Amino acid sequence: MDTAIEISELSVRFGDVQALKDVSFRFQGKSLGLLGPNGAGKSTLIRTLLGMIDPSQGRAKVLGIDCRSQRIALRKRVGYVPEKDCHIPGMTAADYVTLGGELAGMRRRDAIERAHEMIRFCGVGEARYRPVDGFSAGMKQRIKLAQALVHDPDLIFLDEPTNGLDPEGRILLLNVLRELHQQMGIRIVISSHLLRDVEYVCESVVVVKLGEIVREGTIADLKEISDRRWEMRVRGDLQRFNLALENRGVEIIKSTGEEIEVQTPSPGSDCILRSAEESACQIRRLQRRELRLEDAFMNTMNHGPEEDLRDDS
Amino acid sequence: MTIHNLGYERWSGELRQRRLRWLPMVRYHVNLALKRKVIWLILLLSIVPALGFAGMIYMSSDSAREGSPLETAMVSGAQIEEFASLSSATPTKNSPVDFVIGRMFRNRQESVNRPKTMEEKYWFITTHGLFLFLLWPQSFIVMLVASAVGAGLIAQDIRSNALEIYLTKPITPLDYVTGKLCVVTIFILLTTFLPAMIVFGVAAASWQGYLSVAWPVIPLLFGACLIASLVNGVVILGLSSMAKSARYAAVIWFSLGFVSSATAKVLQEVGNDKIWSFLSYRNNFLYLFVRIFEIDLSFIPGEDPMEFSIAIPISILGGFLLISALIMRRTIRAVEAG
């Protein structure tokens, strides 16, 4: 599959604030999740990729198109679903989506036909002649998706797409997004705080922290770490046991009394058992720690990049 | 029965390379504006002065047949002083157009320096003078329509975050502003050029030979209306981009129009210096039009002759344009940066 996003040493500065710092990554998959706390630089990254912000350094290409010098060509091939409610006061849903299509370069007749298809696809067909102002949060979210899809883009950027949605609306939207990239081949980049949503839709993630990418890889890669994460209950000389673990390259993640959580340098528990034998400790319980994306994310946020998954992939 | 696929389907059409990428915006916004009753009210209001003028012109054609003093004077090749003397007659004794033209012409023979013959002078007054006399009261309507249409054009986009959507479509910020400006321009032209053309049409139908002599005023008229539309459009869009509220933009707009005029008038009286009149936003348009139509300022009731350089109103209005453009640029950059 060809490269969807290619960024090299990208920096964005707003006055004294360094919003993005030497960001480099390449995304070749179908769906990417951008993770990071508030102010990490996710939205700035998306806006830069859309050509709205000029980078102070470095370059970015989306679908092989330069984000700075070929903005118009780029925006014809991408769609954008912003985080906030976006509508034109007084305009009906049908007109709103049709206008999006016409601005993208579609003929009026094509835009009208396609707008109705997209509104129906996004599940707001019944309300297409109503002004968007009066829509519920879920309907507004779907109409934003419809306007992003109307010109049939090859890639869509979605900024917090499930914000403010009820559980049912959230699942509907996530299923639509899955269908888009799994069956229709439309690539998706989602920026979200809701890690479950990202996990549900995306294959890969990029974790952004303070304007830098601290981890990237597939979700499977991120969760693969759970093969090396163990939690146990130990009796005996814990100090000796911990020392023995450290000598074997085992990282102690958490130690509260007899409860210890560790990460081994390689899959398997051999080094833990040997350390227990060496320190004459009893292991009363030993089990693999199941990691969710939240754990991997929190781990990255708290400890920074523990390993470079880029090398693995 | 046709079976429709309700799932997503890829679109096989081709996206066009448009030069006027902003054109769809204009159509949608004009349609949106025309759905508002207040816009129709202003459009109707804008025609009222023109209908008044048209009525006077129509009646003057009747008067001419009956031997109106002005027409008779013109036909008999009267001297310019005789035209001036007509103005002292009470309007009830003459046709309304005699009164209007006479008033415009009263003691201002020196203002019509360009035309040579008596007939030329008459036509000059009924073309250039007539339309300047018409456009000046229309400036109030321009303030109203610019406010009703333009004050919310960018402000509402900021408030409803539509600006963010526009800026991620294949259009440049300049396309966006051009589209919005076009919307305001269309409505200002509808309230200036259209009424003027109604008057022109009625004059051409009522006065023999008018069309063949007066047609050169049409490009001048269009130019003046276009300048008024573009400058007012850019300024109201600049104000609109300053805030999320259309009301806020409208209040500043009316302050600019009316408070600046009042301030200029007061300072003019206190300082006894005509230069203060340039403080008035609207006066600068008047001074510009006076030069466009090559007519003395004294044609306008309440205005006295004044020597001034055309560079002054151009510079002042240019300053407004520049400031408005900078405000819009700053707003758009801020939205782009998030």
Note on the range B:137-250: contact order normalised by length, alpha-carbon pairs under 8 Å, 6 or more apart, percent, works out to 51
Report the one residue of A:234, A:78, A:48 whose Cα lies farthest in the direction of the positive end of the charge dipole of chain A (charges on C-beta: Lys and Arg +1, Asp and Glu -1; origin at the Cα centre). A:78
Environment charge of residue B:173, counting only residues whose C-beta is closer than 13 Å and scoring Lys/Arg +1, Asp/Glu -1: +3
Collect residues whose amide H, placed 1.01 Å from N in the peptide plane, falls under 5 Å from the amide H of residue A:191; neighbours closer than 5 in sequence don't count. A:34, A:158, A:159, A:160
Backbone HN-Hα couplings from phi across the range B:151-156 [Karplus 6.51/-1.76/1.60, Hz, Gly and Pro as x]: 4, x, 4, 9, 4, 5
Once accessible area is computed for B alone, A alone and the pair with a 1.4 Å probe, the total buried surface, to the nearest 100 Å², works out to 4200
Taking the Cα centre of the range A:5-221 as origin and charging only Cβ (+1 Lys, Arg; -1 Asp, Glu), how large is the dipole, in debye to the nearest 20? 440
With point charges of +1 on the Cβ of Lys and Arg and -1 on the Cβ of Asp and Glu, referenced to the Cα centre of the range A:5-221, which listed residue (A:35, A:123, A:219) lies farthest in the positive direction of the dipole? A:123
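Run the numbers on chain A and let me know its relative contact order in percent, using alpha-carbon pairs under 8 Å that are six or more apart.
Values: 608 pairs, mean separation 56.9, N = 313.
Dividing the mean separation by the residue count of chain A yields 18 percent.
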Would you mind telling me the antiparallel percentage of the DSSP bridges in the range A:5-221, rounded to 5? 55
Once amide H atoms are placed 1.01 Å from N in the peptide plane, what residues at a sequence separation of 5 or more from residue A:130, or on another chain, have their amide H within under 5 Å of its amide H? A:93, A:94
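Could you work out, residue by residue across A:17-29, how many beta carbons of other chains sit within 10 Å of that residue's beta carbon, and then give the average as an integer? Before the final figure, lay out the partial values.
On the way: counts 0, 0, 2, 0, 0, 0, 0, 0, 0, 0, 0, 0, 0.
Counting other chains' Cβ atoms within 10 Å and averaging over A:17-29 gives 0.
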Show me the three semi-axes of the equivalent ellipsoid for the range A:227-290, from the C-alpha gyration tensor (sqrt of 5 times each eigenvalue), largest first, rounded to whole Å. 15, 13, 10
Hey, any idea what the orientation-averaged projected area of the convex hull of chain A's Cα atoms comes to, in nm²? 18.7
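How much of the accessible area of the range A:227-290, probe 1.4 Å, is carbon plus sulfur, in whole percent? Don't skip to the answer; put the middle values down first.
Working: 1490 of 3690 Å².
It is 40 percent, rounded to a whole number.
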Peptides B:159-169, A:145-155: what's the order by average Cβ count within 10 Å, highest mean first? A:145-155, B:159-169
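Could you order the peptides B:210-223, A:175-188 from most to least packed, using the average number of other C-beta atoms within 10 Å per residue? If you can, show how the numbers build up before the last one.
On the way: B:210-223: 15.5, A:175-188: 17.5.
Ranking the peptides B:210-223, A:175-188 by packing returns A:175-188, B:210-223.
The values are calculated or read from the model by the stated rules, or taken from the named source; none is laboratory data. Keep in mind that what you see is a predicted model, and the values were worked out from it rather than measured. Here the Cβ is made from the backbone with ideal geometry for all residues, glycine too, and neighbour counts use every protein chain on show. Note: accessible area is taken over every heavy atom of the protein model, side chains too, but ligands, DNA and RNA are not part of it. Shrake-Rupley method; radii C 1.70, N 1.55, O 1.52, S 1.80 Å.
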